[in-house]
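Encoded as structure tokens, the structure appears first; notes follow it.
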Amino acid sequence: HPVPPPGPLAYGGTKLINDARHPFRAPGRNDIRGPCPALNALASHGYINHNGIVRPSEIVAAVMEGFNMENSVAVFTTYAAFLVDGNLITDKISIGQSTPRTGPRPPRPATAGGFNTHNTFEGDTSMTRLDAHLGDNHNFNEKLFQGFIEYSKKYGGGKYNLTVASEYRFKRFQDSIATNSEFSIVAPRFYTAYADAVLPVNLWVDGRQDDGQLDLEVARIFFEDGRFPHDFHRAARPTGTDNEIVLFEDHPIEPGRNVKGVNTYKPDYSTPQKLDDKCLQYTYHVNHTVPSLYPNPKGPLLESLKINMGYLFSAIKNTGCEEIFPYGK
Ligand code: HEM
Ligand code: MG
């Protein structure tokens, strides 16, 4: 049976995270790392399994403990991703490449392929990873990071902050339109693109500093090395994807894709357009995205889908959103 996600932290303040009990140990040959620099750091410091194969409940616990990610955001993000990339029978997921070590493959078209899987949760316009069609979608890319630095100098006085996040997010969107013939950005990537751009502002700035101005050396340590900076203290309070809507309002985009080569971007109005509607995100995910991978589940797979969709809903149950049961109750 799936292990349920934990509730909020008992102590929600800042504290030392890069401590003696959690030293950095570089990943070895058989350790998996992937496109999320935060999960890479949690694995390399032993906040989740060092080999990169974990339960979703362990991800929730670790992003709260290590980064002070707010509980409902942690649960929502983790189960949205787990439902499309994780192994629902074994309750395990790879934070990177597909591996038989998470258990037997589900029936197609599902792959339970881990976070590297393109266009299930991972997607285009990442800040420091290439679009899948243009190369490696999970390892750090120095050339992209130079763009991140350039924008931080131009718009942030040498720091990565909300203003830089707005400009760099929009630039990456424009890059993909102009260079990636297979470019696509629809739900859920449409949401995570904005969330990912504010997380370094909200959760990578040391909790004692707490000013929304991310040092570029610290940014590199997270993005490139997947490790906690020396003496890192987590955020001062439980925090999520605050201010993502600011980025969107600075440069609104419509979800869509390049339909016939580069520079042929066409909006797709059949997918959710609104960034600040968690209920719509949830509804589209359980009615459309997950069933497109699991059209006809049976037995334990069906049971697990229902349970994990319940965990996803638990993150928004206090918002007045209606629970949906695409596979029955
Ligand atoms: C990117 C998963 C928590 C920071 C990603 C990506 C995945 C992912 C699949 C790749 C998306 C892409 O760029 O195409 C998750 C899951 C989490 C989680 C399931 C569970 C809650 C966090 C936390 C932080 C974080 C707590 C920050 C403290 C980032 C950043 C990126 C990213 C900055 C963007 C990397 C880039 O664009 O180069 N995450 N993540 N994530 N994640 Fe996480
Ligand atoms: Mg990506």
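The values are calculated or read from the model by the stated rules, or taken from the named source; none is laboratory data. No experiment lies behind these values; they were computed from the predicted model shown. So basically every Cβ, Gly included, is an ideal-geometry build from the backbone, and we count neighbours across all protein chains shown. For the accessible areas, the whole protein counts, side chains as well, though only heavy atoms, and no ligand, DNA or RNA atoms are used. Shrake-Rupley method; radii C 1.70, N 1.55, O 1.52, S 1.80 Å.
In this structure the chain gives 43 Å² per residue of accessible area when probed at 1.4 Å with all protein chains present. What GluC sites (Glu not before Pro) does segment 272-329 have in DSSP loop regions with at most 13 other beta carbons within 10 Å? Answer in residue order: 322. The separation of segment 131-158 from segment 206-281, counted between C-alpha centres, amounts to 14 Å. Name the residue, out of 162, 83, 280, whose mean-square fluctuation peaks in a Gaussian network model built on the chain with Cα pairs under 10 Å. So, out of 162, 83, 280, the one fluctuating most is 280.
Listed cross-link partners 274/329; 171/274; 15/154; 15/159; 143/266 are compared with a 25 Å cut-off, the Cα-Cα value being larger for 274/329; 15/154; 143/266. Within the shell of other residues whose beta carbon sits under 10 angstrom from the beta carbon of residue 245, the net charge comes to -4, with Lys and Arg scored +1 and Asp and Glu -1. Does the chain classify as rounded, prolate or oblate by the C-alpha gyration tensor (a ≥ b ≥ c root eigenvalues; a/c under 1.5 gives rounded; else a/b over b/c gives prolate, otherwise oblate)? Rounded shape, in that the Cα axes give a/c under 1.5. Each Lys and Arg contributes +1 and each Asp and Glu -1, all at the Cβ; summed about the Cα centre of the chain, the dipole is approximately 820 debye.
The protection proxy used here, the mean number of other Cβ atoms lying within 10 Å of each residue, ranks peptides 122-128, 238-244, 5-11 as follows, highest first: 122-128, 238-244, 5-11.
Residues in segment 270-284 carry Karplus couplings, in order, of 7, 9, x, 9, 8, 8, 9, 10, 4, 5, 5, 4, 4, 4, 5 Hz; the curve used is 6.51 cos²θ - 1.76 cosθ + 1.60 with θ = phi - 60°, and Gly or Pro positions show x. Taking the protein heavy atoms of the chain in the context of the full set of protein chains, the accessible area attributed to carbon and sulfur is 52 percent at 1.4 Å.
Across the options 265, 118, 283, the greatest Cα extent toward the positive end of the charge dipole of the chain (unit charges at beta carbon of Lys, Arg, Asp, Glu) belongs to 118.
Across segment 14-20, computed HN-Hα scalar couplings (Karplus, 6.51 cos²θ - 1.76 cosθ + 1.60, θ = phi - 60°) run 7, 6, 5, 10, 7, 9, 5 Hz from first to last residue, x flagging Gly and Pro. Calculated mean residue ellipticity at 222 nm for the chain: -11500 deg cm²/dmol, from DSSP H runs with n ≥ 4 weighted as -39500 (n - 2.57), summed, divided by the residue count and rounded to 500. Around the amide H of residue 186, modelled in the peptide plane, lie the amide H atoms of 256, all under 5 Å away and 5 or more residues distant in sequence or on another chain.
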